[in-house]
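Following: one structure in structure tokens, then a few remarks.
The values are calculated or read from the model by the stated rules, or taken from the named source; none is laboratory data. Here the structure is a predicted model, which is why all the values come from computation and not from measurement. Ideal geometry is used to build each Cβ from the backbone, glycine not excepted, and the neighbour counts take in all protein chains shown. Only protein heavy atoms, including side chains, enter the accessible area calculation; ligands, DNA and RNA are left aside. Shrake-Rupley method; radii C 1.70, N 1.55, O 1.52, S 1.80 Å.
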Amino acid sequence: MSFPIDRPRRLRRTERFRALVRETRLSADDLVQPYFVVPGEGVKKAIPSMPGQYHLSVDRLEDEAGKAFDAGVPAVILFGLPSYKDEIGSAAWDDEAEVQRAIRALKKQLPDLLVISDVCLCEYTSHGHCGRIAGGDVDNDTTLELLARTAVSHARAGADIVAPSDMMDGRVRAIREALDRNGFSHIAILAYAVKYASAYYGPFRDAAESAPRFGDRRSYQMDPANVLEALREAELDIAEGADMIMVKPGVAYLDVLARVKQTFNRVTAAYQVSGEYSMIQAAAANGWIDRDRVVLETLTGFKRAGADLILTYFAAEFAGRL
Ligand code: PBG
Ligand code: ZN
């Protein structure tokens, strides 16, 4: 059938009509708000590269997360800026470090808020790489033990979900085994399974002070040109025990997100990363785009492509409006 029999415009005549036939719906239930935790007390310091986002000390994080939770945000993901860095990133698995203290505080104050911890070493190493350096590159296998220690420390603090973002081969298995050995078989793993070596992480690296001091991350994060490799990465992480898999960044990789979701039918997350956030904020500040519509359109795009959950710096602000 075709025109004049078929007239798609018949179903678009009013908002009520459009809502009746709408295929995708955003829900606050699917949003995860990232936060940057810093040492100190009473700290809420604007992050210049990410207008609207803050460095928060644990006490201020409690306030912000409380507001987000009240607005309907079910989950947060925590990144830490440690008070010390060293060659191997040992602050990452320090039970008294910022993220661990933040997890304990949040689970005490807001037991129903799901706390996800980002498991990586780049914020904690003096060289800014996501693992232990040997021979000028990140050494895969000796890094696994450090990541596993970090995940166990987060679980001990009370994290509901650990999210390895390092892109070492075999880390999901190493973390799963370590969690299970330590009595945390009930703690879920959200694997950054498909993480590209992206320029969109720029604002985050300023915010987290985690830019590599030499070289780049291309020997462990993925080549933006590859999609078959994305399927392979997702397959490996699922086989190693990932409960949920992530594709990151977001908008530039919607095709990858759709393929991963359709291929594996697993709980799949999208991460609208810092560069995507800051680009929207910058264009809006200049009056070039309708910010709220762009945000909702973009988040809808993630869902339409197959995302079950969305990590976005807009979560706390937009949850209340959905
Ligand atoms: C750390 C990590 C990064 C992001 C999440 N975890 C940065 C990186 O890999 O350099 C990026 C998040 C964002 O840009 O919003 N491994
Ligand atoms: Zn890292």
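Values for this structure:
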| read-out | value |
| --- | --- |
| Selection status of Gly42, touching a strand residue (DSSP E or B) at 6+ places or on another chain (Cβ under 7 Å) and either open to solvent by less than 40 Å² (accessible area, probe 1.4 Å) or of a type outside the set (Lys, Arg) (or both) | no |
| Test: Ala193 is of a type in the set (A, V, I, L, M), within 16 Å of ligand 2 (Cβ to nearest atom), modelled with pLDDT of 95 or more and surrounded by 23 or more Cβ atoms within 10 Å (Cβ to Cβ) | yes |
| For Val21: the one exception among (1) free of Cβ contacts under 8 Å to residues at least 12 places away in the same chain; (2) open to solvent by less than 10 Å² (accessible area, probe 1.4 Å); (3) not basic (Lys, Arg) | (2) |
| Residues of the stretch 211-232 satisfying the condition of being within 16 Å of ligand 2 (Cβ to nearest atom), open to solvent by 70 Å² or more (accessible area, probe 1.4 Å) and closer than 17 Å to Met168 by Cβ | Asp216, Arg218, Ser219 |
| Matching residues in the stretch 125-146 - criterion: being touching an Asp or Glu at 6+ places or on another chain (Cβ under 8 Å) and either open to solvent by 10 Å² or more (accessible area, probe 1.4 Å) or more than 10 Å from ligand 2 (Cβ to nearest atom) (or both) | Ser126, His127, Arg132, Ile133, Asn140, Thr143 |
| Search result, residues across the stretch 220-242 that are part of a loop (DSSP other than H, G, I, E, B), within 15 Å of ligand 1 (Cβ to nearest atom) and more than 24 Å from Ala178 (Cβ to Cβ) | Asp223, Pro224 |
| Residues that are within 15 Å of ligand 1 (Cβ to nearest atom) and of a type in the set (Asp, Glu), drawn from the stretch 121-141 | Glu123 |
| The stretch 260-282, residues that are in a helix (DSSP H, G or I) and more than 21 Å from Ala68 (Cα to Cα) | Val260, Lys261, Gln262, Thr263, Phe264, Gly275, Met279, Ala282 |
| Residues satisfying the stated conditions in the stretch 129-180, i.e. hydrophobic (A, V, I, L, M, F, W, C), part of a strand (DSSP E or B) and over 17 Å from Ser90 (Cβ atoms) | Ile161, Val162, Ala163 |
| Check on Ala207, open to solvent by less than 20 Å² (accessible area, probe 1.4 Å), part of a helix (DSSP H, G or I), in contact with a Phe, Trp or Tyr (Cβ under 9 Å, 6 or more places away or on another chain) and within 12 Å of ligand 1 (Cβ to nearest atom) | yes |
| Residue that is most open to solvent (accessible area, probe 1.4 Å), among those in the stretch 247-282 that are of a type in the set (Gly, Ala, Ser) and farther than 21 Å from Asp308 by Cα | Ala282 |
| Some residue of the stretch 283-291 being within 12 Å of Gly250 (Cβ to Cβ) and either part of a helix (DSSP H, G or I) or open to solvent by 10 Å² or more (accessible area, probe 1.4 Å) (or both) | no |
| Condition met for Tyr192 (among the hydroxyl-bearing types (Ser, Thr, Tyr), part of a strand (DSSP E or B) and under 17 Å from the mean Cα position of the chain (by Cα)) | yes |
| Residues of the stretch 55-112 satisfying the condition of being surrounded by fewer than 19 Cβ atoms within 10 Å (Cβ to Cβ) and either of a type in the set (Ser, Thr, Tyr) or on the phi > 0 side of the Ramachandran plot (or both) | Gly72, Ser83, Tyr84, Ser90 |
| Selection within the stretch 91-113 - in contact (Cβ under 8 Å) with a residue 40 or more places away in the chain and farther than 18 Å from Leu56 by Cα | Trp93, Asp94, Asp95, Asp112 |
| Test: residue in the stretch 37-52 that is touching a residue at least 40 places away in the same chain (Cβ under 8 Å) and in a strand (DSSP E or B) | yes |
